[in-house]
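The values are calculated or read from the model by the stated rules, or taken from the named source; none is laboratory data. As the structure is a prediction and not an experimental result, all values here were calculated from the model. Note: ideal-geometry Cβ built from the backbone for every residue, glycine included; neighbour counts use all protein chains shown.
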């Protein structure tokens with residue numbers, strides 16, 4: 001996760017909004033719009049699931065070691 005670009009979610013959201021605008025303007029058919037939105041939601045779910053699993057693993061490590069392994073500032077990103 002540390003190697004991910006920090007703006008990945010923002011770029012996905014921007015692309016989704018762009019697809020929405022193009023659909024509303026009639027530039028793309030509904031089938032392409034729906035397919036794009038499905039892919040966006042799958043990618044978003046995968047990213048959030050990965051973050052959730054990482055935080056769960058971190059919590060388990062902290063319980064096992066009895067130490068806080070992450071600074072408070074890093075948890076807000």
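Before moving on, here are some points about what is shown:
This table checks each residue for (1) out of contact with any helix residue (DSSP H, G or I) (no Cβ under 6 Å at 6 or more places or on another chain); (2) closer than 21 Å to residue 54 by Cα.
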position	(1), (2)
7	yes, yes
10	yes, yes
13	yes, no
17	yes, no
20	yes, no
25	yes, no
28	no, no
34	yes, no
38	yes, no
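- In segment 1-39, the residues that are outside any helix (DSSP H, G or I) and loosely packed, with under 10 Cβ neighbours inside 10 Å: 1, 2, 3, 5, 6, 25, 26
- One residue stands out in segment 40-77 among those that are in contact with a helix residue (DSSP H, G or I) (Cβ under 9 Å, 6 or more places away or on another chain) and assigned to a loop (DSSP other than H, G, I, E, B): the one that is modelled with the lowest pLDDT, namely 70.
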